[in-house]
Amino acid sequence: MKILVAIKPVPNPDEKVKIKGDGSGIVLDNIKMVVNPFCEIAVEEALRIREKLTGEVVVVTVGPKESEQQVRSALAMGADRAVLVEAGTDLDSLAVAKVLAKVVADEKAELVLMGKQSVDDDNNQVGQILAAVLGWPQASFASKIEFAADNKKANVTREVDGGLETIEVALPAVVTADLRLNEPRYASLPGIMKAKKKEMKVVPVASLGVDTTPRVKVLSLAPPPLRAGGGRVADVAELMSKLKSEAKVL
Amino acid sequence: MADILVVVEHQDGVFKKNTLSAVSAAKALAGLFGGEVDALVLGDGVAAVADVMAGTGVRKVLLGEGAAFAKYLAATYAGAVAQVVKAKGYGAVFAPASTFGKDFMPRLSGLLDAPLASDIVGLEKDGDALRVKRPMYAGNAIGTVELVGSPLLFTVRQTAFNPAAMGGEKTPVEKATVTAEAGGTAFVSRQETKSERPELTEARVIVSAGRGIKAQENFKLVEELADQLNAAIGASRAAVDAGWAPNDWQVGQTGKIVAPVLYIALGISGAIQHLAGMKDSKVIVAINKDEEAPIFQVADYGLVADLFKAVPEMIAELKKLKSA
Ligand SMILES: Cc1cc2nc3c(=O)[nH]c(=O)nc-3n(C[C@H](O)[C@H](O)[C@H](O)COP(=O)(O)OP(=O)(O)OC[C@H]3O[C@@H](n4cnc5c(N)ncnc54)[C@H](O)[C@@H]3O)c2cc1C
Ligand SMILES: Cc1cc2nc3c(=O)[nH]c(=O)nc-3n(C[C@H](O)[C@H](O)[C@H](O)COP(=O)(O)OP(=O)(O)OC[C@H]3O[C@@H](n4cnc5c(N)ncnc54)[C@H](O)[C@@H]3O)c2cc1C
């Protein structure tokens with residue numbers, strides 16, 4: 001099976017972001033960029049499917065040249081090769097999805113795996129938009145993927161409000177990964193060495209003929225209202241009495 | 001501006017209250033730029049849902065029924081909403097930012113080539129222009145966003161908009177003609193997390209437990225406390241990953257966003273991703289044996305203690321309060 005995995009670099013999610021003084025973005029100095037955790041899960045799933053069904057895993061990203069680092073991380077996990085569509089960082093979800101649709105068609109992918117959301121923008125959109133643009137079935141928030149015997153269909157279990165839901169999708173389809181789909185492997189040292197030599201095709205976005213004018217523009221960022229936390233109580237008795245008479249929530 | 005459509009969420013015919021926040025957001029937009037707010041109910045045999053919606057102050061309710069809509073599917077929903085939007089010329093579409101809205105609304109965006117703002121928390125007017133507020137970076141930044149094109153699509157964070165009132169004067173319910181195109185997807189099964197408790201996103205009180213609870217059987221303790229408070233139960237990702245709690249209990253950036261009157265965090269460290277889902281709660285209580293745990297930075301009442309000692313004491317105190 002030929003699987004395309006779309007990945008996006010994000011600032012290290014374990015560090016609290018700082019907003020630039022003028023609100024034009026976040027401070028990126030000294031912040032490590034990593035592969036979006038949900039995209040790592042998508043890469044891992046692709047590798048496991050390849051191990052079972054054979055085939056090829058191609059990672060693709062749309063963004064600046066510096067994204068090569070995160071692309072190499074995915075290659076080090078075991079993906080076969082990569083496509084980097086070189087573009088600015090001003091593309092919105094619609095534009096990224098349209099660009100990805102071109103790559104999917106070009107690569108004749110039979111399955112597209114992606115993250116359910118990028119943990120910086122928290123949009124949770126690109127996979128579902130891509131499915132619509134391609135006219136393909138979609139299964140978002142996947143926690144389990146099982147292929148039919150002929151590999152023409154898959155049952156996907158989705159993490160939804162209220163529990164779990166299983167739907168059947170005909171392939172090709174777009175599936176977005178949720179947290180419980182798998183636990184991604186760490187890249188091995190030989191994997192990292194090999195990744196340096198793997199093919200990475202760089203495609204200028206202009207060559208794809210897609211209108212990437214942003215339709216959703218982030219004009220500025222501001223900090224959220226600050227919470228005055230840090231209050232302490234000595235024991236359960238004090239806690240209960242304060243909840244009752246001070247906070248008045250009991 | 002043109003009229004506004006709210007897509008109603010229900011689970012197999014049971015109305016979901018998160019829709020009421022989407023109605024409020026839609027009305028906020030109408031208040032700023034004009035237009036009337038209508039609602040669309042899709043399903044099979046869901047006239048009762050339409051009837052509930054008819055009492056929420058919308059101009060009218062469109063009811064699109066058919067066997068193909070009996071089970072929710074992103075493809076049929078996005079397709080049907082697109083048909084209604086095109087036929088009636090709606091200028092904006094709202095849906096809750098639940099796993100329902102987050103699934104089909106981006107597909108609708110792709111079908112209509114229309115801009116979508118996810119998980120919005122505010123709508124403002126700047127001169128003649130609409131400015132949309134939405135949290136980014138796990139809620140550590142509020143982005144001001146501009147949308148270009150039409151129709152404008154929004155998914156609404158339930159905790160950010162007061163629910164529209166129910167039970168008002170009934171407005172008309174109209175039949176909508178929609179066709180379903182499942183496009184290679186089919187519903188197979190649903191595994192519902194059974195619970196007698198209030199829904200996490202609607203509860204007044206939530207008791208959440210994390211890795212500190214150490215085992216599934218210890219959730220009994222959490223349940224006992226929740227019983228005393230008529231609370232919903234939540235969990236950190238660590239507790240869900242360990243299999244101690246079902247996935248739909250996960251509170252956080254990538255789980256459910258909650259803002260109850262009282263949130264009690266037991267054995268939860270307070271990672272950025274967890275805080276993103278609960279830091280807008282009115283009162284936060286944290287019980288953790290590590291006094292350095294980041295959860296204490298957002299807690300109104302932090303108690304450094306072993307939860308296995310503190311929680312039984314709390315249960316005893318609550319029982320005393322009740323009998324007093
Ligand atoms: C390195 C980089 C820096 C950026 N910096 C900024 C910035 O400072 N300000 C700003 O407003 N915008 C920035 N953007 C653009 C912005 O992040 C886009 O809106 C984004 O790429 C669209 O996806 P999303 O975050 O909405 O994705 P979501 O819908 O949340 O992501 C879901 C999934 O879609 C896939 N995906 C998303 N984006 C891409 C992509 N670019 N390539 C391949 N797969 C993808 C991934 O599988 C991801 O898990 C940046 C983009 C990149 C790549
Ligand atoms: C992509 C991504 C998405 C994520 N999304 C979410 C999300 O939506 N929600 C979420 O919650 N997390 C999320 N996480 C995970 C998050 O980063 C943390 O790993 C997680 O929240 C930790 O859970 P925890 O606090 O239960 O566990 P830990 O961090 O291990 O904390 C356990 C705490 O219990 C305390 N403790 C132990 N024993 C006792 C005792 N007897 N009495 C009292 N206290 C005790 C310890 O002191 C410690 O502070 C996400 C992570 C990633 C990478």
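Data table
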{"item": "B:Gln228 being within 16 Å of ligand 1 (Cβ to nearest atom) and over 16 Å from B:Thr193 (Cβ atoms)", "result": "no"}
{"item": "Some residue of region B:260-276 being surrounded by fewer than 22 Cβ atoms within 10 Å (Cβ to Cβ), among the β-branched types (Val, Ile, Thr) and farther than 30 Å from A:Arg158 by Cβ", "result": "yes"}
{"item": "Unmet criterion (only one of (1) more than 12 Å from ligand 1 (Cβ to nearest atom); (2) closer than 15 Å to A:Asp120 by Cα; (3) away from chain B (no Cβ under 14 Å)) for A:Gly63", "result": "(1)"}
{"item": "Residues of region A:110-132 classified as closer than 17 Å to A:Ala170 by Cβ and buried (at least 24 other Cβ atoms within 10 Å of the Cβ), total", "result": "8"}
{"item": "Sole residue being part of a strand (DSSP E or B) and β-branched (Val, Ile, Thr), chosen from B:Val58, B:Val93", "result": "B:Val93"}
{"item": "Test: A:Glu44 is within 16 Å of ligand 2 (Cβ to nearest atom), of a type in the set (D, E, K, R), buried (at least 23 other Cβ atoms within 10 Å of the Cβ) and closer than 21 Å to A:Arg180 by Cα", "result": "no"}
{"item": "Of residues in region B:278-290 being within 9 Å of chain A (Cβ to nearest Cβ) and without any contact (Cβ under 8 Å) to a residue 60 or more places away in the chain, the one farthest from B:Gln228 (Cα to Cα)", "result": "B:Lys282"}
{"item": "Among (1) more than 28 Å from B:Thr201 (Cβ to Cβ); (2) within 13 Å of ligand 1 (Cβ to nearest atom); (3) of a type in the set (S, T, N, Q) - the single one A:Gln138 does not satisfy", "result": "(1)"}
{"item": "Residue satisfying condition, being within 11 Å of chain B (Cβ to nearest Cβ) and away from ligand 1 (no atom under 11 Å from the Cβ), within set A:Ala76, A:Ala97, A:Ala154", "result": "A:Ala154"}
{"item": "Selected residue [in contact (Cβ under 8 Å) with a residue 40 or more places away in the chain and either assigned to a strand (DSSP E or B) or open to solvent by 20 Å² or more (accessible area, probe 1.4 Å) (or both)] from A:Val169, A:Val175", "result": "A:Val175"}
{"item": "Sole exception among (1) within 8 Å of ligand 1 (Cβ to nearest atom); (2) under 19 Å from A:Ala42 (Cβ atoms); (3) within 14 Å of chain B (Cβ to nearest Cβ) for A:Asp92, by number", "result": "(2)"}
{"item": "In region B:106-130, the residues that are over 15 Å from A:Arg215 (Cβ atoms) and more than 7 Å from every other protein chain (Cβ to nearest Cβ)", "result": "B:Ile120, B:Val121, B:Gly122, B:Leu123, B:Glu124, B:Lys125, B:Asp126, B:Gly127, B:Asp128"}
{"item": "Residues being open to solvent by less than 10 Å² (accessible area, probe 1.4 Å) and away from ligand 2 (no atom under 15 Å from the Cβ) - total across region B:212-239", "result": "3"}
{"item": "Residue check, B:Ile284 near ligand 2 (Cβ under 7 Å from one of its atoms) and either open to solvent by less than 40 Å² (accessible area, probe 1.4 Å) or of a type in the set (Val, Ile, Thr) (or both)", "result": "no"}
{"item": "Hits in region A:149-172 (condition: within 30 Å of B:Leu200 (Cβ to Cβ) and of a type outside the set (A, V, I, L, M))", "result": "A:Asn155, A:Thr157, A:Arg158, A:Glu159, A:Asp161, A:Gly162, A:Gly163, A:Glu165, A:Thr166, A:Glu168"}
{"item": "Flag if B:Val298 is open to solvent by 10 Å² or more (accessible area, probe 1.4 Å), more than 17 Å from B:Arg204 (Cβ to Cβ), facing chain A (nearest Cβ under 8 Å) and among the hydrophobic types (A, V, I, L, M, F, W, C)", "result": "yes"}
{"item": "Residue match in region A:141-157 (condition: within 16 Å of ligand 2 (Cβ to nearest atom) and open to solvent by less than 20 Å² (accessible area, probe 1.4 Å))", "result": "yes"}
{"item": "Any hit, region A:82-101, residues being within 16 Å of ligand 2 (Cβ to nearest atom) and either in contact with a Pro (Cβ under 9 Å, 6 or more places away or on another chain) or hydroxyl-bearing (Ser, Thr, Tyr) (or both)", "result": "no"}
{"item": "Out of A:Ala222, A:Ala247, sole residue that is at the interface with another protein chain (Cβ under 9 Å from one of its Cβ atoms), more than 16 Å from ligand 1 (Cβ to nearest atom) and over 30 Å from A:Ala109 (Cα atoms)", "result": "A:Ala247"}
{"item": "Evaluation of A:Cys39 against (1) surrounded by fewer than 21 Cβ atoms within 10 Å (Cβ to Cβ); (2) within 16 Å of A:Asp120 (Cα to Cα) (one fails), failing number", "result": "(1)"}
{"item": "Contacts under 9 angstrom Cβ, first residue in region B:190-209 being more than 9 Å from every other protein chain (Cβ to nearest Cβ), partner loosely packed, with under 14 Cβ neighbours inside 10 Å and in a loop (DSSP other than H, G, I, E, B), 6 or more apart", "result": "B:Arg197/B:Asn230; B:Pro198/B:Asn230; B:Ala203/B:Asn230"}
{"item": "So A:Val233, is it of a type outside the set (Lys, Arg), surrounded by 12 or more Cβ atoms within 10 Å (Cβ to Cβ) and facing another protein chain (nearest Cβ under 8 Å)", "result": "yes"}
{"item": "Odd one out for B:Val84 among (1) over 20 Å from the mean Cα position of the chain (by Cα); (2) open to solvent by 30 Å² or more (accessible area, probe 1.4 Å)", "result": "(2)"}
{"item": "Of residues in region A:178-187 being assigned to a loop (DSSP other than H, G, I, E, B) and at the interface with chain B (Cβ under 9 Å from one of its Cβ atoms), the one most open to solvent (accessible area, probe 1.4 Å)", "result": "A:Glu183"}
{"item": "Test: residue in region B:63-77 that is within 20 Å of A:Asp122 (Cβ to Cβ) and either in contact (Cβ under 8 Å) with a residue 24 or more places away in the chain or open to solvent by less than 20 Å² (accessible area, probe 1.4 Å) (or both)", "result": "yes"}
{"item": "Residues of region A:10-30 classified as away from ligand 2 (no atom under 14 Å from the Cβ) and either exposed (fewer than 14 other Cβ atoms within 10 Å of the Cβ) or of a type outside the set (A, V, I, L, M, F, W, C) (or both), total", "result": "11"}
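The values are calculated or read from the model by the stated rules, or taken from the named source; none is laboratory data. Just so you know, these numbers come straight off a predicted model, no measurement behind them. As a convention, Cβ positions derive from the backbone with ideal geometry for all residues, glycine included, and neighbour counts pool all protein chains shown. The area values use the complete protein model at the heavy-atom level, side chains included, leaving out ligands, DNA and RNA. Shrake-Rupley method; radii C 1.70, N 1.55, O 1.52, S 1.80 Å.
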